[in-house]
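The values are calculated or read from the model by the stated rules, or taken from the named source; none is laboratory data. As the structure is a computational prediction, the values presented were derived from the model and not from experiment. All Cβ positions, even for glycine, are placed from backbone atoms using ideal geometry, and neighbour counts span all protein chains on display. The accessibility values were calculated without ligands, DNA or RNA, using every heavy atom of the protein model including side chains. Shrake-Rupley method; radii C 1.70, N 1.55, O 1.52, S 1.80 Å.
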Amino acid sequence: MQRDLDWLNLLTDDEATNELLQCCGSKRWASSTATARPYESLELLLATSNDIWWQLDRNDWLEAFRSHPKIGEKKAADKVSAQSQQWSGQEQSGVDNASHETTSSLVELNEAYERKFGYIFIICATGKTSDEMLTALRERLEHDPETELPIAAEEQSKITELRLKKLLTS
């Protein structure tokens, strides 16, 4: 079965919500994005989903973050679909060939980040090397919580957009 915009528009609200949860782990985002159907174009879907994302609150964002594994790990804090898990692995492929030193630093700094901010380090890892992710992690650890949360939310927004495109072309 080809997945495209027509396919998404024809799903029930519950089916669409479940499919959209693979793109972003916030239940409110997925439900609101499903309810806003039908979408006439991919651009409209992306714009609407982004508008919905930025209307959500901190708890919704944190829920979305929990659907991702830490950089360099395979398992998310929350239960996710096999498709989400596969996408995470592809997105984080820049870590696959990382040196032991880089991997160790990522683990150590991920833990420091989570202690400081209360959630995992979120980065749109697609196309980034392990060293680029490590550099971003070091830089973002310097932020205060009020500065960091919108940055993490922006990274989740980028991930969601990429995954929506994947959902409709798989």
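Note on surface exposure: D57, D131 rank D131, D57 by accessible area, highest first, 1.4 Å probe. Once R0 is set to 35 Å, what does the formula 1/(1 + (r/R0)^6) return for the Cβ-Cβ distance between A112 and N18, expressed as a FRET efficiency to the nearest 0.05? Step by step, r from the Cβ atoms, then E = 0.50. Among the protein heavy atoms, those of I52 account for about 20 Å² of accessible surface (1.4 Å probe, every chain in place).
Taking the Cα centre of the range 10-51 as reference, the dipole from Cβ charges on Lys and Arg (+1) and Asp and Glu (-1) amounts to some 180 debye.
Pairs from the list K27/K166; K27/K158; K70/K165; K116/K165; K70/K116 with a Cα-Cα gap above 21 Å: K70/K165; K116/K165. Among the protein heavy atoms, those of K128 account for about 60 Å² of accessible surface (1.4 Å probe, every chain in place). Using a simple spin-label model with pseudo-atoms 7 Å out from Cα toward Cβ, Q55 and L141 lie 3.8 nm apart.
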